[in-house]
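Chemist: So that we are looking at the same thing, I have put the structure below in structure tokens.
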Amino acid sequence: MICSISGEVPEEPVVSKSSGLLFEKRLIERHILDYGKCPVTGETLTTDDLVPIKTGKIVKPRPVQAASIPGMLGMFQNEWDALVLSAFASEQQLHTTRQELSHCLYQHDSACRVIARLKKELDEARTMLSSLERQAPMPATTAVSSNAYAISNGKRAATEDDEFGPDGKKFRPGISSSIITELTDCNAALSQQRKKRQIPPTLVPLDAIERYTQLNSYPLHKTNKAGILSIDIHQSKDLIATGGVDMNAVVFNRSSGEIVSTLSGHSKKVTSVKFVSDGELVVTGSADKTVRVWQGSENGNYDCKHVLKDHTAEVQAVTVHATNNYFVTASLDNSWCFYDLSSGLCLAQVEDSSVSEGYTSAAFHPDGLILGTGTSGSIVKIWDVKSQANVARFDGHVGAVTAISFSENGYFLATAAQDGVKLWDLRKLRNFRTFTPYDENTPTQSVEFDHSGSYLAIGGSDIRVYQVANVKSEWNCVKTFPDLSGTGKINSVKFGPDAKYIAVGSMDRNLRLFGLAGEENDAAMEAES
């Protein structure tokens, strides 16, 4: 019995009532489902017309090739030949693919060489153009305009033909006598206020600091380039600014828990961020060698007002003067620049030819006439802002000086580096205490006095808060917070208004706030008052 469809012996034979033909059950049922008629006669056919045939178990006969040893050897030989042909075809395809890949790599290498040559020619053309512009005489109107700075679309950019001095460096107008008078008056006023200064009654007491825990963690920056490198706090508005590895700075409202604005524009990580306390301004420094001044608008966004390109290496620090009219930037190009905030004009660029290390940190003294800088060569330098002269130098650190902070009373300077934190007495110009909270492989990344000068925070592999004392008394560690980011690297620590919270930035994307929970915080304030 042979199936009329497959031509083979059926396993479940059925016969058609109308035609008498034999079929394999599963095949004829599938054909009826698709076409509804007999595949041989073409007559209408249904499954009810099929009659099963009862048979014994069918044993399929062996194929002829498998009935003898020579037949099996021939079958194996055919399969082996097919396998060898398939392997040969795969090798041919692999060889062709390798040739195509080699050709593509050669084209890519040629394209890279052409691009490199074009870049070199472009740089040479720019150099020649710059040389010709300096040598060519300029009309009077052009000479006047060359000293000015163009403002286009709200951004300040220096004109291409800035004047250069005899040494080939850009001409700087210098800090004028009127500005020096302004700085001196500000210093006198702040000095008088400091003599009358008292610790504010609203300052968080010591026992409350000891009970601080993490309040919130806010993911402000991107995940693919995680890391918060700098933090600043607007004391009166309770705004927090952060600078990240993701090339953005973020202005965050702590009260509402919402992002006010994301400042995008830098092409590399934002290394430093500062508020200007009496206005809607934020200053950021970046590894892309630029400084940007951002102006707040009525809708809450911050627009770029100036782009400053006076440095030739990474800008590591930004610090704003107490007048809120000037600021200083420090860079790895071994110079610091003194800027007018409103115009974005670099009034003075100070380079120290005695050393080759760049600057890694900077901060103004509370009175504004002294500037402190830290270098990548472990040196702390104190500068007279009026004369731009280096008036003091502190040695003793190991590794780059990553952060510096002046106490509010103006007597102490705290500096952080690979070997920990050193405290300097500015009246006697000496180191009077050293903290080594971590091992030699763990640098201290941040150090910060609170706004009242009562507490000192240190950030490295964890966060530690010390009670500020005098030169002879012990500075006790009152609280240690673990690094909850899990990265082992705290980059920035800042105290909020009256030390009511501590803002922490580390090598993940989250801004963390430590303090007391709401009810407990209110109770602590009432007990203190």
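Chemist: What is the distance in Å between the Cα centroid of the stretch 1-62 and that of the stretch 225-239?
Modeler: Taking the Cα centre of the stretch 225-239 as reference, the centre of the stretch 1-62 is 82 Å away.
Chemist: What angle, in degrees between 0 and 90 and rounded to the nearest 10, separates the Cα long axis of helix 25-35 from the longest principal axis of the Cα atoms of the chain?
Modeler: 70
Chemist: Which order, highest average first, do 217-223, 281-287 follow once you tally other Cβ atoms within 10 Å for each residue and take the mean per peptide?
Modeler: Working: 217-223: 16.6, 281-287: 25.3.
Descending mean neighbour count gives 281-287, 217-223.
Chemist: Which of the lysines could a cross-linker span from residue 37 if the Cα-Cα distance has to be under 23 Å and same-chain partners fewer than 8 positions apart are dropped?
Modeler: 17, 25
Chemist: Normalising by the residue count of the chain, find the relative contact order in percent from Cα pairs under 8 Å and 6+ residues apart.
Modeler: 10
Chemist: Against the longest alpha carbon principal axis of the chain, how many degrees, from 0 to 90 and to the nearest 10, is the axis of helix 518-528 turned?
Modeler: 20
Chemist: Follow-up. Between helix 177-195 and the chain, what is the angle of the helix's C-alpha long axis to the longest principal axis, kept within 0 to 90° and rounded to the nearest 10?
Modeler: 90
Chemist: Output the peptides 402-411, 448-457 sorted from most to least packed, where packing is the average of other Cβ atoms within 10 Å over each peptide's residues.
Modeler: With the highest mean Cβ count within 10 Å placed first, the list reads 448-457, 402-411.
Chemist: Work out from phi, with θ = phi - 60° and the Karplus expression 6.51 cos²θ - 1.76 cosθ + 1.60, the ³J(HN,Hα) of each residue of the stretch 302-318, listed in order in whole Hz, and give x for Gly and Pro.
Modeler: So the J values, rounded to whole Hz, are 10, 9, 6, 9, 9, 10, 10, 10, 8, 8, 10, 8, 3, 8, 9, 8, 10.
Chemist: Please identify which residues in the stretch 327-341 have an amide N closer than 15 Å to a label point set 7 Å out from the Cα of residue 313, following the Cα→Cβ vector.
Modeler: 330-337
Chemist: Then there is this: Given labels modelled 7 Å from the Cα in the Cβ direction, how far is it in nm from residue 11 to residue 198?
Modeler: It works out to 10.1 nm between the two label points.
Chemist: So, one more: When only Cα pairs under 8 Å and 6 or more residues apart are kept, what is the percent relative contact order across the stretch 170-292?
Modeler: Answer for the stretch 170-292 is 15 percent.
Chemist: Could you point to the label whose value was computed as mean projected area of the Cα convex hull in nm² for the structure here, given (1) 30.3; (2) 48.3; (3) 28.8?
Modeler: Correct label is (2).
Chemist: Please tell me the relative contact order of the stretch 357-427 in percent, rounded to the nearest whole number, where contacts are Cα pairs under 8 Å and at least six residues apart.
Modeler: About 25 percent, as a whole number.
Chemist: Ok, one more. Highest mean first, what order results for 500-511, 463-474 on Cβ atoms within 10 Å? All intermediate terms of the calculation are to be shown ahead of the outcome.
Modeler: Details: 500-511: 23.8, 463-474: 15.9.
The peptides rank, most packed first, as 500-511, 463-474.
Chemist: Can you run phi through the Karplus equation (6.51, -1.76, 1.60; θ = phi - 60°) for the stretch 487-499 and list ³J(HN,Hα) in whole Hz, with x for Gly and Pro?
Modeler: 8, x, 9, 8, 8, 8, 9, 9, 8, x, x, 6, 6
Chemist: Nearest 500 deg cm²/dmol is fine: what mean residue ellipticity at 222 nm does the chain get from its DSSP H runs of n ≥ 4 alone, each adding -39,500 (n - 2.57), divided by its residue count?
Modeler: -7500 deg cm²/dmol
Chemist: Next up: Give the aspartates and glutamates reachable from residue 381 as a straight Cα distance under 20 Å; neighbours fewer than 8 places away on the same chain don't count.
Modeler: Partners within reach: 314, 333, 351, 352, 357, 367, 395, 408, 419, 425, 448.
Chemist: Still on this model: Whole-Hz ³J(HN,Hα) for each residue in the stretch 342-348, computed from phi via Karplus 6.51 cos²θ - 1.76 cosθ + 1.60 with θ = phi - 60°, x for glycine and proline: what do you get?
Modeler: 5, 9, x, 7, 7, 7, 8
Chemist: Taking amide hydrogens as modeled 1.01 Å from N in the peptide plane, which residues meet the under 5 Å criterion relative to residue 479, leaving out close sequence neighbours?
Modeler: Those qualifying (amide H under 5 Å, at least 5 residues apart or on another chain) are 465.
Readers should treat all values here as calculations from the given coordinates under stated rules, not as data from a laboratory. Nothing here was measured: the structure is a model prediction, and the numbers come from that model. Cβ coordinates were reconstructed from backbone atoms using ideal geometry, including for glycine residues, and neighbour counts include every protein chain displayed.
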